[in-house]
Amino acid sequence: MSTNSISKHSFGKVVWKSPSNIALIKYWGKKGNQIPLNPSLSMTLKNSHTITEFAWEKGEGLSFYFEGKEEISFKNKIENYLDSLPYPFLKDYHFTIKSKNTFPHSAGIASSASSMGALGLCLAPFMDNEQDSEFFKNASNLARLGSGSACRSVFGGMASWGDISSQYASPIENLHQNFKGMRNSILIVDRGVKEVSSRGGHALMNNHPCRQERPKQAYKNFKMLQEALINGDLEAFGRVVEQEALNLHGMMMTSTPSFILMKPKTLCLIEEIKSFRKKTGLNLYFTLDAGPNIHLLYPSAQEKEISDFVKGLGVEVTFDEMGDGPEQLSFVGEVCGR
Ligand code: PMV
């Protein structure tokens, strides 16, 4: 993939399409400048993207449009983000950003991961690096500074932010065939606004009684999941992923103040999923984000039987699956020198 270097361009435009992801090992709690308390690992989605058109010219300031409209609250966030980056030369440009999502609002899909992933990819060429591998590291680092989970979205398949002293994520190599094309069906239990933002949620870990213990458990789960992904062990995968989901919610329930983000329907559906699994022996597992909606995970080889069950649950479903990662849709630039 050609990524081009913008740093020598006085004006131009790049368009990136970046996917969202669903965390299997949850990043929860942070320190310093977006450094996580524990390693995390996620599956990149195929159908749920942010498409960001990013134009620059010599000047200053930012124009921001989301789905065709000027969006002041998003604009302020992006402005703060750009100001926070340690690259003073960015202040010599005026940026026009037009962004849209391929998935509806409140579809149970993290839009910060895809939107900050896309922005990181658009900004990465400013970092003056022609090598593709370095380009994606730079993009991942830039995405991380906007939203921690976004650093994993710039890679396809599965990606981990395994070394917490590292400033970027990396793709999972040697993924066993059993996990290729894994399905992710999202059961929409509630479309309401999130009761606690992820920024607020991470902050709850600062004085949490499990602040020391949670990272130890996440490390253990991270290692077990890595092994399962290489060995093709679907059952071990399911055990770890479900424990991580409930652990995340356990952390929130035992925070001060505490939050119960699951709804009664979430628990009913979890019961149904478990009894379907017991009855059929199929590898259907669940995870949860910081909200009430359920992300089902299952191998593509079992899609037929499982999707019949999913459709019969009587809830709204967003169907997605493992994707190949971001795509640069266009690049136009004028060379001039910084
Ligand atoms: O990237 P943030 O700051 O929105 O945090 C994401 C937190 C979780 O989605 C709950 C977990 C994760 O690893 O994605």
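The values are calculated or read from the model by the stated rules, or taken from the named source; none is laboratory data. Worth saying up front: this structure is predicted, and the values here are computed from it rather than measured. Cβ sites come from the backbone with ideal geometry, for glycine too, and all protein chains shown count toward neighbours. Areas reflect the complete protein model, heavy atoms only, side chains present, ligands, DNA and RNA absent. Shrake-Rupley method; radii C 1.70, N 1.55, O 1.52, S 1.80 Å.
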*Which percent of Cα pairs goes in each bin when the distances of the chain are cut into 20 angstrom slices starting at zero?*
32, 57, 11, 0
*So what is the accessible area of segment 163-269 per residue, in Å², with the probe set to 1.4 Å?*
53
_Can you order the peptides 10-19, 233-242, 93-102, 75-84 by their average number of other Cβ atoms within 10 Å per residue, highest first?_
10-19, 233-242, 93-102, 75-84
*Picking from 209, 39, 125, which is most flexible by a Gaussian network model of the chain using Cα springs under 10 Å?*
209
_I need the shape label for segment 185-331. Rule: rounded when a/c is under 1.5, else prolate if a/b > b/c, else oblate, with a, b, c from the alpha carbon gyration tensor._
rounded
_Nearest 10 degrees, 0 to 90: helix 234-253 Cα axis against the chain principal axis_ = 80
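Are any of the pairs 46/100; 13/100; 17/58; 13/58 more than 18 Å apart by Cα-Cα distance, and if so, which? All intermediate terms of the calculation are to be shown ahead of the outcome.
Numbers: 46/100 16 Å; 13/100 16 Å; 17/58 25 Å; 13/58 13 Å.
Among 46/100; 13/100; 17/58; 13/58, the Cα-Cα distance tops 18 Å for 17/58.
Could you tell me what percent of the accessible area of segment 281-332 is made up of carbon and sulfur, with a 1.4 Å probe and every protein chain present?
The nonpolar share, carbon plus sulfur, comes to 48 percent.
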*Given +1 on the Cβ of Lys and Arg, -1 on the Cβ of Asp and Glu, and no further charges, what dipole in debye does segment 171-243 carry about its Cα centre, rounded to the nearest 20?*
240
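Just the number please: accessible area per residue for segment 43-83, 1.4 Å probe, all protein chains included, in Å². Could the numbers behind the result be given before it?
Values: 2210 Å² over 41 residues.
Result: 54 Å² per residue.
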*Any idea which of 170, 266, 295 is furthest toward the positive side of the dipole for the chain, if Lys and Arg beta-carbons carry +1 and Asp and Glu beta-carbons -1?*
266
_Please give me the summed charge of the neighbours of residue 122: other residues whose Cβ is under 13 Å from its Cβ, Lys and Arg +1, Asp and Glu -1._
+1
*If the cut-off is a Cα-Cα distance under 21 Å, which lysines reach residue 216, setting aside same-chain residues fewer than 8 apart in sequence?*
26, 30, 31
*For residue 311, which lysines qualify as cross-link partners when the Cα separation must be under 19 Å and same-chain residues fewer than eight apart are set aside?*
265, 274, 278, 279
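Taking the Cβ of residue 291 as the centre, find all other residues whose Cβ is under 11 Å away and add up their charges (Lys, Arg: +1; Asp, Glu: -1).
0
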_At 1.4 Å probe size, with the rest of the protein present, what percent of the exposed accessible area of segment 219-270 is carbon and sulfur atoms?_
62
*Take the alpha-carbon centre of segment 97-126, take the same for segment 253-318, and report the distance between them in whole Å.*
25
*Where nothing but the Cβ of Lys and Arg (+1) and of Asp and Glu (-1) is charged, how large is the charge dipole of segment 246-316 around its Cα centre, in debye to the nearest 20?*
180
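Which value in Å does the Kirkwood hydrodynamic radius of segment 28-163 take, with 1/r averaged over all unlike C-alpha pairs and then inverted? Can you show the working numbers first?
Working: mean 1/r = 0.0647 Å⁻¹.
Result for segment 28-163 stands at 15.5 Å.
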_Relative contact order for the chain, counting Cα pairs under 8 Å that sit 6 or more residues apart, in percent_ = 28
